[in-house]
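Here's the structure, in structure tokens; my notes come after.
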Amino acid sequence: MSYDRPELLPAVRSFLSSPKQLLIDGEWVDAKDGKTFATVDPATEQELVQVAQASAVDIDRAVVAARNAFKSPSPWSRMTPRERSHLLWRIGDLIDAQAEEFAQLESLDNGKSLASARGDVGVAAELFRYFAGWATKMEGTSIPMSVPGKEFHAYTRREAIGVVAGIVPWNFPLTMAAFKVVPAITAGNTVVLKPAEQTPLTALRLGQLLLEAGVPAGVVNVVPGYGDAGAALVDHPDVDKVAFTGSTEVGKKIAAGASKNLKKVSLELGGKAPNIIFADADLDAAVAGAALAGYFNEGQCCVNGSRLYVQRSVFDQVIEGVAAAARAITVGNGFDSATTMGPLVSQEQHEKVIGYVRGAIADGATIAAGSGDPAADQGYFFRPTLITDVTEQMAIQTDEIFGPVVTAIPFDTEDEVVAAANNTVYGLAAGVWSKDLGTAHRVGSKLRAGTVWLNTWHADDVTLPRGGFKQSGWGRELGSFGLDDYTELKTVIAELR
């Protein structure tokens, strides 16, 4: 089935009109059992296209292909670091050349605005170009040994791990796919990529582009499917590493599954980031920053500042400002140029967010902006919501909601707010707003989070590492640290006399 709208590029119409198969060993193939599933436009609730649904049998086919592509003397194993560098740069340029096609597919499949989708595509392209520079810089170290009467030459090498399973979420489908694929192939690994079942389209289009760029068969395989496909990847004995971004609950299952053969695991998991505004902050900037922190990407972002703490003397002023900012956000179809917030990704997510807000109201919380009701009769739309009169024990305060919902609590002292901010199982991100740089840096140093923003939020770059403390994950992605989890460190010792 094809899905057509007048705004769609011919290339997007063509893509949606063709069968959406699995990419295994450089070929587009049906699932062995012939099963497919529908991917849906969350703005209209209409089916976009049927997608091949991978089972454990298909996962095995993909892993075998990845293993064969990794093993010497495969074309991939013989490719030099400089050749990999040129290939990665070429992929980045191809993504840029087809950026609008990717953006339209992302907006259709995920619901986000075209403007947001274009930004995501740009990040994905830049990731390929940034890591292109690292392909030739995976260096070892010479280490002197001190053994009486002997002389040795000892050094280290960084080597590819092998077959990497990349399991990615639905909130930034193309960008998250790049997060896994790019560092993996930069280091010389091969990949089996499982996109989220809600948003498989840009991963499949990326698979086409990788073949077009000259990535050898089997190096990157794309296998859409449900949780059973992801579990089969985690359980597969010939997968050497699992790289996962998603919920903490699923991350724990992956860690347990990977323990069966002790495969390596990196996890970027859930968050419930505290955003602290002191009375001496630039309140105009802090209010705008709090709205961005809470409502960015429809609230479907693990580093969003969903817990707002405001010093009591300016609490009412800040709440009034954030509420006004929330009401000014235009909720609508991502293809409408006036839209600044699209729908939530699925019916399941829509119902989850509504349930949390209605539960908070029942528990005595107050709605300062938004509501606990759907924003439209069709589509998974939800208004940005600000909630006050919240306690630290309420589910809306403790749980990751993953929607455009911000809770706000007043505080009096620095020690009080630091304790409250750190009173969570998560530790992915946090933020502080204060004109006093001593306060900002001092409080920032006390926050248990992988990323801390001072007088800003969502400032980012592909050069910076990201990851979490506590139950927000293991390992770091991007930057110079981004290759560490995709390599093995080998020590070599040669006796000279």
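The values are calculated or read from the model by the stated rules, or taken from the named source; none is laboratory data. Predicted model only: the values in this text are computed from it and were never measured. Note that we place each Cβ from the backbone using ideal geometry, even for glycine, and neighbour counts take in every protein chain shown. The protein model used for the area step is the full one, side chains on, heavy atoms only, and it has no ligands, DNA or RNA in it. Shrake-Rupley method; radii C 1.70, N 1.55, O 1.52, S 1.80 Å.
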* **Residues of segment 146-191 that turn out to be hydroxyl-bearing (S, T, Y), open to solvent by 10 Å² or more (accessible area, probe 1.4 Å) and touching a residue at least 60 places away in the same chain (Cβ under 8 Å), as a count** => 2
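Of the residues W457, W453, which is within 30 Å of V353 (Cα to Cα), in a loop (DSSP other than H, G, I, E, B), in contact (Cβ under 8 Å) with a residue 24 or more places away in the chain and not hydroxyl-bearing (S, T, Y)? Working first, answer last.
Working: W453 fails: in a loop (DSSP other than H, G, I, E, B).
Checking each option against the conditions leaves just W457.
Condition check ((1) in contact (Cβ under 8 Å) with a residue 40 or more places away in the chain; (2) touching an Asp or Glu at 6+ places or on another chain (Cβ under 6 Å); (3) of a type in the set (S, T, Y)) across all residues:
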site	(1), (2), (3)
S259	no, no, yes
A279	no, no, no
D282	yes, no, no
A288	no, no, no
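Test A54 against the criterion of being at pLDDT 95 or above, part of a loop (DSSP other than H, G, I, E, B) and open to solvent by less than 60 Å² (accessible area, probe 1.4 Å), and give yes or no.
Against the criterion (at pLDDT 95 or above, part of a loop (DSSP other than H, G, I, E, B) and open to solvent by less than 60 Å² (accessible area, probe 1.4 Å)), A54 qualifies.
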* Residue check for V287: open to solvent by 10 Å² or more (accessible area, probe 1.4 Å) and modelled with pLDDT of 95 or more -> yes
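Mind telling me which of the residues S259, S247 ends up being among the polar types (S, T, N, Q), out of contact with any helix residue (DSSP H, G or I) (no Cβ under 7 Å at 6 or more places or on another chain) and under 25 Å from L206 (Cα atoms)?
Values: S259 fails: under 25 Å from L206 (Cα atoms).
When all the criteria are applied, what remains is S247.
Hey, among K194, K137, which residue is over 15 Å from K490 (Cα atoms), modelled with pLDDT of 95 or more, open to solvent by 50 Å² or more (accessible area, probe 1.4 Å) and in the same structural domain as A243 (by the TED database)?
Values: K194 fails: open to solvent by 50 Å² or more (accessible area, probe 1.4 Å).
Going through K194, K137 in turn, the sole match is K137.
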* Structure fact -> Of the residues in segment 77-91, those that are surrounded by fewer than 23 Cβ atoms within 10 Å (Cβ to Cβ) and in a helix (DSSP H, G or I) come to S77, R78, P81, R82, E83, R84, S85, H86, L87, W89, R90
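Report yes if some residue within segment 386-395 is among the acidic types (D, E) and at positive phi; otherwise report no.
The first filter runs over segment 386-395 and keeps only residues among the acidic types (D, E), leaving 389, 392.
From what's left, at positive phi: 389.
Yes, that holds for at least one residue.
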* Among the candidates E45, E101, E7, single out the residue that is more than 15 Å from V219 (Cα to Cα), in contact (Cβ under 8 Å) with a residue 12 or more places away in the chain and surrounded by 15 or more Cβ atoms within 10 Å (Cβ to Cβ). => E101
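Quick one: which strands (runs of 3 or more DSSP E) sit completely within segment 342-445 and have at least 2 residues that are open to solvent by 20 Å² or more (accessible area, probe 1.4 Å)? Quick ask: steps written out before the conclusion?
Details: elements: 366-369, 385-388, 405-411, 429-433.
The qualifying strands (runs of 3 or more DSSP E) are 366-369, 405-411.
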* Asked: So is G225 open to solvent by less than 10 Å² (accessible area, probe 1.4 Å), within 19 Å of A54 (Cα to Cα), small (G, A, S) and out of contact with any helix residue (DSSP H, G or I) (no Cβ under 8 Å at 6 or more places or on another chain) or not?
  -> no
* To do: Residue by residue through segment 17-29, note down the ones that are at pLDDT 95 or above and either open to solvent by 40 Å² or more (accessible area, probe 1.4 Å) or assigned to a helix (DSSP H, G or I) (or both).
  => Q21, D25, E27, W28
* Asked: For segment 464-484, does any single residue satisfy the condition of being open to solvent by less than 50 Å² (accessible area, probe 1.4 Å), of a type outside the set (S, T, N, Q) and within 22 Å of Y295 (Cβ to Cβ)?
  -> yes
